[in-house]
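Let me begin by presenting the structure, written as structure tokens, before commenting on it.
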Amino acid sequence: MRQPPPTSKAPLTESQFLEALPAMNTTVITLGVLWVLRNEPFDMRHFTQEPPRRLMRKFRRRLA
């Protein structure tokens, strides 16, 4: 926000309201960051060969 919050319940004019909103570039950057953070990571397999995958399955069974 570019202006402090109102101190009274008096109605605001449109220009006062628009002056209180953040700058457009700040909003765009914030929305971009939120979009990246909300996306779940894609299914990335670090190990594709069978021996390491077998060891990982065995390890997960031991944890359960």
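The values are calculated or read from the model by the stated rules, or taken from the named source; none is laboratory data. Predicted model, so just to flag it, every value in this text is computed and none were measured. Here Cβ is always computed from backbone atoms with ideal geometry, including for glycine, and neighbour counts include all displayed protein chains.
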Examine the stretch 2-19 for a residue that is of a type in the set (S, T, N, Q), surrounded by 10 or more Cβ atoms within 10 Å (Cβ to Cβ) and not in a helix (DSSP H, G or I), and state whether such a residue exists. yes
Looking only at the stretch 42-57, and only at residues there that are part of a loop (DSSP other than H, G, I, E, B) and not aliphatic (A, V, I, L, M), the one that is modelled with the highest pLDDT: GLN49
Qualifying positions in the stretch 20-55 - over 26 Å from the mean Cα position of the chain (by Cα) and surrounded by 10 or more Cβ atoms within 10 Å (Cβ to Cβ): PHE47, PRO52, ARG53, ARG54, LEU55
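Yes/no per residue for (1) of a type outside the set (Phe, Trp, Tyr); (2) at pLDDT below 95:
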| position | (1), (2) |
| --- | --- |
| THR26 | yes, yes |
| ILE29 | yes, no |
| GLU40 | yes, yes |
| PHE59 | no, no |
| ARG62 | yes, no |
